[in-house]
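*Asks:* So that we are looking at the same thing, I have put the structure below in structure tokens.
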Amino acid sequence: MKRAMQKCSAVILLTLLSSAALAAVKPCEELKQEIEEKIQAAGVASYTLEIVPNDEVSDETMVVGSCDGGTQKIIYQRND
């Protein structure tokens, strides 16, 4: 019984790790679209989303996503 639990735990852990790895390489345009849908669903009328290389991020508080294997960020700015 104990051995079966260890195998089950190992399978669950590997599944979670592989899911995280797949999510980490999400294309930027796909992630940007998902974020836009959430922003629009929240009723925000005027905003800007921009995909930028990591080294061009000047304010980490504006980052709403990471994409292309962590090489780029999506930054959000609300336009009032």
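None of the figures in this text is laboratory data; all of them are computed from the coordinates on show. The model shown is predicted, which means the values in this text are computed figures rather than measured ones. A quick note on method: Cβ atoms are made from the backbone with ideal geometry, for glycine too, and the neighbour counts reach across all protein chains shown.
*Asks:* Could you order the peptides 26-38, 46-58 from most to least packed, using the average number of other C-beta atoms within 10 Å per residue?
*Replies:* Numbers: 26-38: 13.9, 46-58: 11.8.
Packing proxy ranking, top to bottom: 26-38, 46-58.
*Asks:* Looking at the range 25-80, what % of the alpha carbon pairs are farther apart than 12 Å? All intermediate terms of the calculation are to be shown ahead of the outcome.
*Replies:* Numbers: 948 of 1540 pairs.
Here the tail beyond 12 Å accounts for 62 percent of pairs.
*Asks:* Would you kindly derive the ³J(HN,Hα) couplings of the range 49-57 from the backbone phi angles with the Karplus curve 6.51 cos²θ - 1.76 cosθ + 1.60 (θ = phi - 60°), listing them in order in whole Hz, with x for Gly and Pro?
*Replies:* Karplus-based 3J(HN,Hα) across the range 49-57 equals 10, 9, 8, 9, x, 3, 6, 9, 7 Hz.
*Asks:* Label-point separation (nm) for Thr71 and Glu36, each offset 7 Å from Cα along Cα-to-Cβ?
*Replies:* The two pseudo-label positions are separated by 2.2 nm.
*Asks:* Let me ask something additional. Under 5 Å between amide hydrogens, which residues at least 5 positions from Lys26 or on another chain qualify, with H placed 1.01 Å from N in the peptide plane?
*Replies:* Correct list: Asp68, Gly69.
*Asks:* So, with +1 on the Cβ of K and R and -1 on the Cβ of D and E, and no other charges, what is the size of the charge dipole of the range 25-80 about its Cα centre, to the nearest 20 debye? Mind dumping the intermediate values first?
*Replies:* Working: 5 positive and 12 negative charges, 33 e Å.
Roughly 160 debye for the range 25-80.
*Asks:* Still on this structure: Which net charge results when you count Lys and Arg as +1 and Asp and Glu as -1 among the other residues whose beta-carbon is under 15 Å from that of Gln40? Can you show the working numbers first?
*Replies:* Details: positive: Lys32, Lys38, Arg78; negative: Glu34, Glu36, Glu37.
Charge balance in the 15 Å sphere: 0.
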